[in-house]
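Okay, structure first, notes after.
The values are calculated or read from the model by the stated rules, or taken from the named source; none is laboratory data. The structure displayed is predicted, hence computed values, not measured ones. Here the Cβ positions follow ideal geometry from the backbone for every residue, glycine too, while neighbour counts run over all protein chains shown. The protein model used for the area step is the full one, side chains on, heavy atoms only, and it has no ligands, DNA or RNA in it. Shrake-Rupley method; radii C 1.70, N 1.55, O 1.52, S 1.80 Å.
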Amino acid sequence: MKKHIGWIAGTAAAALVAAGAITYAVAEDGGSDASTSTPSADSADAGFARDMAVHHQQAVEMSYIVRDRTKNADVRRLAYDIAQTQANQRGMLLGWLDLWGLPKVSADPPMTWMGMGDMASGKDGALMPGMATNTELKKLGTLSGKQAEVFYLQLMTDHHKGGIHMAEGCVAKCKVGVEKSLAQGMVDAQQSEIQLMADMLRARGAKARS
């Protein structure tokens, strides 16, 4: 388990280095590939950047909550890696919107760019598939020890599944090459973390919720 956690940490560090290179690449080419123009406000590129920034922010929030609710080194390390990686990626996504001169919010429902604007009701704060509700976040903040660990791992597994679905949508629909590359990197990293979290849940006599 510790070896696996260490691999994830190394992967996260590599992702941060790659993220910086991707941000630089976008800035260098004016925010788009040479063969494409700057994305429009209703493009998949802009929609993904806006929606994934919101999705990532909740993952960061959950990770900081559990960090203070358990002393388990493996869970705290995983939470730290997720928080750091996703906070960095969120900054990149919002930075791209700035580079493109596009708004960070939209009047359209989340995931409209995927043709799924009616997918999530937004009830109780769950704006997109995989996102935890406000009630679940409050519950996480009341738990401690093993209970907090299990609930966090379950919530984050759901969160990653929703994030992977959205990232795959960008891989299929986005036009900016470096953004597609970042989205594919999210898919690969979060699939690995889902497997790790399944192992961690099993070690605690639990399993993912779905």
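Summary table
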| item | result |
| --- | --- |
| Some residue of the range 166-177 being among the charged types (D, E, K, R) and under 11 Å from the mean Cα position of the chain (by Cα) | no |
| Among the residues listed as Arg90, Arg50, Arg77, Arg69, the single one being within 20 Å of Gly162 (Cβ to Cβ) and touching a residue at least 40 places away in the same chain (Cβ under 8 Å) | Arg50 |
| Positions within the range 157-210 being closer than 29 Å to Thr38 by Cα and among the hydroxyl-bearing types (Ser, Thr, Tyr), in sequence order | Ser181 |
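Each row is one residue, and each column tells you yes or no for (1) touching a helix residue (DSSP H, G or I) at 6+ places or on another chain (Cβ under 6 Å); (2) open to solvent by 30 Å² or more (accessible area, probe 1.4 Å); (3) part of a helix (DSSP H, G or I).
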position	(1), (2), (3)
Asp124	yes, yes, yes
Leu127	no, yes, no
Lys139	no, yes, yes
Ala148	yes, no, yes
Ile164	yes, no, yes
Ala167	yes, no, yes
Lys180	yes, yes, yes
